[in-house]
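Below is one structure; the comments refer to it alone.
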Amino acid sequence: MAARLHCPYCYLPLRLSQVEFRCAGRVGDNGRRCEASIDSLLAAHTGDNTPRHPAFQADGSKRSAVHPDCRVRTYLRICGHCHSQLPTHFGEADTRLIALVGAKESGKTVYMTVLLHELQHQVGNQFGLAVLGADEHTMEHFRTEYEDTLYQDGRLHQQTRTAVGDRGRRPFVFSVSRVRRRRIGREVVDRSLFSFFDTAGEDLRSAESVERHVRYLSAADGIVLLLDPLQMRGARPLADPGTLLPEQGAPQDDPANVLSRITNLLHDALGTPKGKRIKRPIAVAFTKMDALDGTLPEDSALLANSPRDSGGFDQGDSLAVHDEIGALLDKWQGGGMQTVLEQNYDHYRFFGLSALGAGPVKDEHDAQRVSGYGVQPRRVQDPFLWLLSTFGTIPTKKA
Ligand SMILES: Nc1nc2c(ncn2[C@@H]2O[C@H](COP(=O)(O)OP(=O)(O)OP(=O)(O)O)[C@@H](O)[C@H]2O)c(=O)[nH]1
Ligand SMILES: [Mg+2]
Ligand SMILES: [Zn+2]
Ligand SMILES: [Zn+2]
């Protein structure tokens, strides 16, 4: 069990003693049935106004409890802070929260969609990982609002609305399980819960939403920081002709500045002692690499997809990418970033990826669409697999 449990929905620390229950709403042996009504705590945290059966306190370390009013046993466990229904294996499975952050338009929404699609299909299979939506909201909304938009309609997502005044956006929670063979005899199933929250890049700018970011980052076991190379002064002019260049952002969206801001937020959020580095692993991933293909040597590791071998996380391949990005940073006028990372983090690694595999195109209504080849992701899984390997969820294949 994870030493520090956090609610995967509101990100507040959650001890098992703070886990509550929700009445199942069936008729009890006393003939009573509890009414459903709006749960104000749930509504305040998530914007969910659907009438719910009453919440009540009982021994949260147990899987079920009997509601005293109706005397019906319930298996619905909820977070004591936000009243979100907790996934089945909460508390016994490791709960890992991965924070996905980046500036406006750096590619977070597209990346999250493609990563989770890949994990639920090819990549998951390859590593023996079964990846499933852990709750109703995730199963329903991830498909309809994220996956189908991109994969079926071929449309790119709208800019993510900011979290301020928009309580309707909830994290997506997935359960990742893997069968591990013990040397002697039996198999065991390792289960982890992963929570992803699609942050709005806009939020990183405004002071009001910093508090939410701080909570999110301090709860995270690992961080994926997405940076847009097309916002770097030295890389922008190198983009393949025909690339839809993002608007030249304000200086605050410059990847070097984004890295500094996130680093400061992390130091504050984690209360790192003076002179110490941040212990949480951070994957620093450059998105949209398809736009820079023309500038890479033919044998560049960044042009190849991740190795298909399922022996574990491929350390040698990952380090080759890491070194290449490190060298490219000088060319892109971002050489100082490596120093910032070295001085502030115990574990960081560079990644280069393309979620779409090719630049999007504009249709007759000036809306962005996936290019004619469809979504052909390259290296999207690398940051996630690296984090899994640092958590010990998957083995590492040594270089
Ligand atoms: N060439 C290329 N462009 C991409 C790729 N992924 C995203 N983009 C471009 O980047 C834009 C922003 O992508 P989003 O995923 O919406 O970015 P975001 O970080 O969620 O943005 P906010 O929600 O505003 O914070 C898209 O509209 C595309 O133009 C990619 O893999 N390749
Ligand atoms: Mg977005
Ligand atoms: Zn909660
Ligand atoms: Zn009841």
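Dividing the mean sequence gap of close Cα pairs (under 8 Å, 6+ apart) by how many residues the chain holds gives a relative contact order of 16 percent. Exposure check, 1.4 Å probe, all protein chains in place: residue 139 carries approximately 100 Å² of accessible surface.
In the elastic network of the chain, a GNM with C-alpha springs shorter than 10 Å, the most mobile of 221, 153, 253 is 153.
Where both bridge residues fall in the chain, DSSP classifies roughly 55% of the beta bridges as antiparallel. Taking amide hydrogens as placed 1.01 Å from N in the peptide plane, the amide H of residue 313 sits under 5 Å from those of 396, 397, each at least 5 positions away in sequence or on another chain. Which distance in Å, rounded to a whole number, links the C-alpha centroids of segment 8-48 and segment 320-399? With segment 8-48 and segment 320-399 each reduced to a Cα centre, they are spaced 40 Å. Note on segment 68-152: Cα convex hull, mean projected area over all directions, 8.5 nm². Build a GNM of the chain with springs between Cα atoms under 10 Å apart, and of 47, 133, 31 the one that fluctuates most is 31. Sequence-ordered 3J(HN,Hα) estimates for segment 294-302 from the Karplus curve with 6.51, -1.76 and 1.60 and θ = phi - 60° stand at x, 9, 9, x, 4, 8, 5, 5, 6 Hz, glycine and proline given as x.
Here the Debye sum runs over all C-alpha atoms of segment 16-79 as equal scatterers in vacuum, and log10 of I(q)/I(0) at q = 0.13, 0.20 Å⁻¹ comes out as -0.34, -0.76.
Spread over its residues, the convex hull of the C-alpha atoms of the chain is 161 Å³ per residue. Summed over the residues of segment 16-79 and divided among them, the accessible surface reaches 56 Å² per residue at a probe radius of 1.4 Å.
Solvent-accessible surface of protein heavy atoms, probed at 1.4 angstrom with all chains present, puts 149, 339 in the order 339, 149, largest first. With every protein chain in place and a 1.4 angstrom probe, the accessible-area ranking of 26, 233, largest first, reads 233, 26.
Normalised by the number of residues in segment 16-79, the mean separation of alpha-carbon contacts (under 8 Å, six or more apart) gives a relative contact order of 48 percent. Per-residue SASA remark: residue 331, around 100 Å² accessible (1.4 Å probe; ligands, DNA and RNA not included).
Scalar couplings 3J(HN,Hα) for segment 77-84, obtained by applying the Karplus form with A = 6.51, B = -1.76, C = 1.60 to θ = phi - 60°, are 9, 10, 6, x, 8, 10, 6, 6 Hz; x denotes Gly and Pro.
For segment 94-397, the Cβ-based charge dipole about the Cα centre amounts to some 1220 debye (Lys, Arg positive; Asp, Glu negative; other atoms uncharged). Compared with the rule-of-thumb size 2.2 N^0.38 Å for a compact globular protein, segment 32-185 has a Cα radius of gyration ratio of 1.25. Roughly how many percent of the accessible protein surface of segment 94-397 is carbon and sulfur, given a 1.4 Å probe and a whole-percent answer? Heavy-atom surface of segment 94-397 belonging to carbon and sulfur, 1.4 Å probe: 46 percent. Within the assembled protein chains, the solvent-accessible surface assigned to residue 330 is about 110 Å², based on a 1.4 Å probe.
The values are calculated or read from the model by the stated rules, or taken from the named source; none is laboratory data. Since the structure is predicted, the reported quantities are computational estimates derived from the model, not experimental observations. All Cβ positions, even for glycine, are placed from backbone atoms using ideal geometry, and neighbour counts span all protein chains on display. Keep in mind that these areas ignore ligands, DNA and RNA; they rest on the heavy atoms of the full protein, side chains included. Shrake-Rupley method; radii C 1.70, N 1.55, O 1.52, S 1.80 Å.
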